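Have a look at the structure below, then the notes.
The values are calculated or read from the model by the stated rules, or taken from the named source; none is laboratory data. Because the structure is a prediction, the values reported are computed rather than measured. Here the Cβ positions follow ideal geometry from the backbone for every residue, glycine too, while neighbour counts run over all protein chains shown.
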Amino acid sequence: MKYVKNNEMTDLWAQEASATLQSMVALIHNRGIRNPQILHALETVPRNRFVTQHYLSEAFGDHPLPIGAGQTISQPYIVALMTDALGLSAGERVLEIGTGSGYQAAILAAMGLEVYTVERIPELHTQANAVLQALDYNVHCRLSDGYDGWPEYAPYAGILVTAAALAAPPPLLEQLADGGRMVIPIGPPGGYQTLWKFVKEGAQLHRINLGGVAFVPFIHA
């Protein structure tokens, strides 16, 4: 029997991960995400660093995975879809509600955005912050339930919410810049919700239905 040395195992894992990552990105491209900045971010952000050891073999599958505390890392296609709906460019400021694993924040940071992210669960906040720092992504992390946003750095060109609310929280809409976009799933917990894109134009608020999704509930203490 031939035994594989540790460094050979590392090389084999790196080769397999690279090929699987490319397959994941190709699948997302084929589903209609064509923004080159998003695709490049998906290619460069190592999703395997944001999943637990138990699910490492599924890190590049196009499906959500548990990350502990009853939360999940979102399906890569949904991450790409929500990012694409924001329509942001490098240098713009974005607020994420629901840091979770930190993967979505990393994608936004890899696109050159100024990222602020809020998480209500202490262990996830600590873990995500540690991974983001280790990977050298410049992301500002805050421990909070997110309902009141992060007003100190408002207004935001984009706000992305990764938990399903029963309605769009008014403080978040207030912190959205004129011309800004907010992407948020709305609907009851425990089933499917609707992903909405809100566009703020002066006193007007336009909304666009982006389809059905399934997210963990938005919890406001």
Problem set entry | Count of residues meeting criterion [modelled with pLDDT under 95 and aromatic (F, W, Y)] in the stretch 61-85 | 0
Exercise. What number of residues within the stretch 124-139 satisfy the criterion of being out of contact with any strand residue (DSSP E or B) (no Cβ under 7 Å at 6 or more places or on another chain) and either of a type in the set (K, R) or outside any loop (DSSP other than H, G, I, E, B) (or both)?
Worked result: 6
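Mind counting the residues in the stretch 177-196 that are touching a strand residue (DSSP E or B) at 6+ places or on another chain (Cβ under 7 Å) and surrounded by fewer than 18 Cβ atoms within 10 Å (Cβ to Cβ)? Walk me through it before giving the result.
Filtering the stretch 177-196 for residues touching a strand residue (DSSP E or B) at 6+ places or on another chain (Cβ under 7 Å) gives 177-187, 189, 192-196.
Now restrict to residues that are surrounded by fewer than 18 Cβ atoms within 10 Å (Cβ to Cβ): 177-179, 189, 192, 194.
Qualifying residue count for the region: 6.
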Exercise. Do the conditions hold for R142, that is, is it in a strand (DSSP E or B), crowded, with 22+ Cβ neighbours inside 10 Å and basic (K, R)?
Worked result: no
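Does A134 satisfy being hydrophobic (A, V, I, L, M, F, W, C) and within 24 Å of P169 (Cβ to Cβ)?
No.
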Seminar exercise, completed: Reported set for the stretch 113-128 where residues are more than 20 Å from M182 (Cβ to Cβ) and in contact (Cβ under 8 Å) with a residue 24 or more places away in the chain is I121, E123, L124, H125, Q127, A128
For this session: List the number of the failed condition for I186; all other conditions in (1) touching a Leu at 6+ places or on another chain (Cβ under 8 Å); (2) among the β-branched types (V, I, T); (3) closer than 13 Å to G98 by Cα hold.
Result: (3)
Exercise. Of all residues in the stretch 150-204, which are touching a His at 6+ places or on another chain (Cβ under 6 Å) and hydroxyl-bearing (S, T, Y)?
Worked result: none
Exercise. Which residues, counting only those in the stretch 135-153, are over 21 Å from V79 (Cα atoms) and either of a type in the set (D, E, K, R) or free of Cβ contacts under 8 Å to residues at least 40 places away in the same chain (or both)?
Worked result: L143, S144, D148, P151, E152
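Do any strands (runs of 3 or more DSSP E) entirely within the stretch 60-105 hold 2 or more residues that are surrounded by 23 or more Cβ atoms within 10 Å (Cβ to Cβ), and if so, which?
Details: elements: 65-68, 71-73, 93-97.
Output list reads 93-97.
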